[in-house]
Amino acid sequence: MSIEKSPAHKELRNVWTVDRKAFETQKWDQEEEVRQLRAEVYHIASMSLIFQGVIFTAVSQTNLLNCSLAWSPILLSAFVGIASMFAVADKLYELGIVKDEINRSDANITALDNILDRLDKEGADLPLNDSTPRADVHDDPKAGLKEVKSWYGLLALFFLFFFSLIISLFSQR
């Protein structure tokens, strides 16, 4: 039977179509948040590198920095390195959580697509009492930690650590 002859089926199609559009909008917002978090990771790393470069420049030219405490540039460089590593790890953790939310949105969109396809095939013969979209969604409690431990995350943290270590070693004189 045609879906046009059943107002209940027609209304369900409208509701599911609106839900699908809402999940697509939510997914787009989440993808925008991922782009923003990645930009923040690059911003934190670049600011750390700039600060480390200022320390290196000041230490390498004796007429710019006359410091009676030799440990102060080392400590400053180490502090900036550790703080930037924690800040990058925090942003990567948030990035992993948002990626998990994107996966859930994708699962909901797929479930709605499947039920809409089923409605198109079966029409008004689709039973209403057991026809609800069911998404296979698994909430991953370690999603943020997985992103920190990914190649991207470990490489970023290693780079910040290594650069901070080099600047600290050059600051010892």
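Structure notes:
- A simple count of charges around Phe23, restricted to other residues whose Cβ falls under 12 Å of its Cβ and scoring Lys, Arg +1 and Asp, Glu -1, yields -2.
- The residues of the chain have, on average, 64 Å² of accessible surface per residue, using a 1.4 Å probe with all protein chains present.
- Relative contact order for the chain, counting Cα pairs under 8 Å that sit 6 or more residues apart, in percent: 38 percent
- Expressed as a whole percent, the accessible surface of segment 21-154 that belongs to carbon and sulfur atoms is 61, based on a 1.4 Å probe.
- Within the shell of other residues whose beta carbon sits under 12 angstrom from the beta carbon of Ala135, the net charge comes to -2, with Lys and Arg scored +1 and Asp and Glu -1.
- Phi to ³J(HN,Hα) by Karplus 6.51 cos²θ - 1.76 cosθ + 1.60 over segment 34-40, Hz, x for Gly, Pro: 4, 4, 5, 5, 5, 4, 5
- For the chain, a Gaussian network of Cα nodes joined below 10 Å ranks Lys149, Lys99, Lys27 by mean-square fluctuation, and the top entry is Lys149.
- Simple spin-label estimate for Ala135 and Lys149 gives 2.6 nm between the two label positions (7 Å along the Cα-to-Cβ direction from each Cα).
- Cross-link partners of Lys146 among lysines (Cα-Cα below 17 Å; sequence separation of 8 or more within a chain): Lys91, Lys99
- Each Lys and Arg Cβ is given +1 and each Asp and Glu Cβ -1; about its Cα centre, the chain then shows a dipole of about 780 debye.
- Calculated FRET value between Met47 and Asp106, using beta carbons and R₀ = 35 Å, to 0.05: 0.55
- Alpha-carbon centroid distance for the pair segment 7-57 / segment 73-130, whole angstrom: 9 Å
The values are calculated or read from the model by the stated rules, or taken from the named source; none is laboratory data. Since we're looking at a predicted model, the values are computed, not measured. Quick reminder, even Gly has a Cβ in these numbers, built from the backbone with ideal geometry, and neighbours come from all protein chains shown. Just so you know, the surface numbers come from the protein's heavy atoms only, side chains and all, with ligands and any DNA or RNA stripped out. Shrake-Rupley method; radii C 1.70, N 1.55, O 1.52, S 1.80 Å.
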